[in-house]
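Heads up: the structure comes next, in structure tokens.
The values are calculated or read from the model by the stated rules, or taken from the named source; none is laboratory data. Note that the coordinates shown come from a computational prediction; the quantities given were computed from them, not determined experimentally. Cβ atoms come from the backbone with ideal geometry, glycine included; neighbour counts cover every protein chain shown. With ligands, DNA and RNA removed, areas are computed over all heavy atoms of the protein, side chains included. Shrake-Rupley method; radii C 1.70, N 1.55, O 1.52, S 1.80 Å.
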Amino acid sequence: QVQLVESGGGLVQPGGSLRLSCAISTNFFSLYTMGWYRQAPGKQRELVATITSGGRTNYADSVKDRLTITRDNAKKTVYLHMNSLNAEDTAVYYCYANRWGDSWGKGTLVTVSS
């Protein structure tokens, strides 16, 4: 397994924006499928977005056109750009990496509230 460290969470007002970052401890980052999941209070963890080593992306219907996943192979970092945030986006956001097995970060809290 690799180590994943998320950052960028915090409190944001409805309609606001945030960018989450996830740094990975491997020199083979470009070979990994990366993703973001989230878990809201009292709910199960759910997929937000994934990006393959080739750059193909996949999104949950609830976040399409508002959240964008990108990767920077040189910086070994994956990002989640979040716009038009609403209260339903409040959750702990977890970074995910997969090559021959799954690795998870510890999560970063995003709170959308006025």
Just the accessible area per residue of the chain, please: how many Å² with a 1.4 Å probe?
55 Å²
Scan of the chain for trypsin sites (Lys or Arg not before Pro) in DSSP loops with at most 12 other beta-carbon atoms within 10 Å gives a longest site-free stretch of 1-42
Counting only protein heavy atoms and leaving out ligands, DNA and RNA, the solvent-accessible surface of residue 47 at a 1.4 Å probe, in Å² to the nearest 10, equals 60 Å²
Give me log10 I(q)/I(0) at q = 0.19, 0.21, 0.31 Å⁻¹ for the stretch 1-52, Debye formula, one equal scatterer per alpha-carbon, no solvent.
-0.85, -0.98, -1.29
What's the extension gain from residue 66 to residue 52 if we count 0.36 nm per residue and subtract their Cα-Cα distance?
3.1 nm
Under the Karplus curve 6.51 cos²θ - 1.76 cosθ + 1.60, θ = phi - 60°, whole-Hz ³J(HN,Hα) for the stretch 90-107, x wherever Gly or Pro sits
5, 5, 8, 9, 10, 8, 9, 9, 9, 9, 9, x, 9, 10, 10, x, 8, x
Given q = 0.16, 0.24 Å⁻¹, what are the Debye log10 I(q)/I(0) values for the chain, with equal point scatterers placed on the Cα positions and solvent ignored?
-0.66, -1.42
Gain in length, residue 27 to residue 98, computed as 0.36 nm per residue apart minus the alpha-carbon separation, to one decimal in nm?
24.2 nm
Whole-percent carbon and sulfur share, accessible surface of the chain, 1.4 Å:
46 percent
Please work out how much length the chain gains when fully extended from residue 87 to residue 113, using 0.36 nm per residue of separation minus the C-alpha to C-alpha distance, in nm with one decimal.
8.7 nm
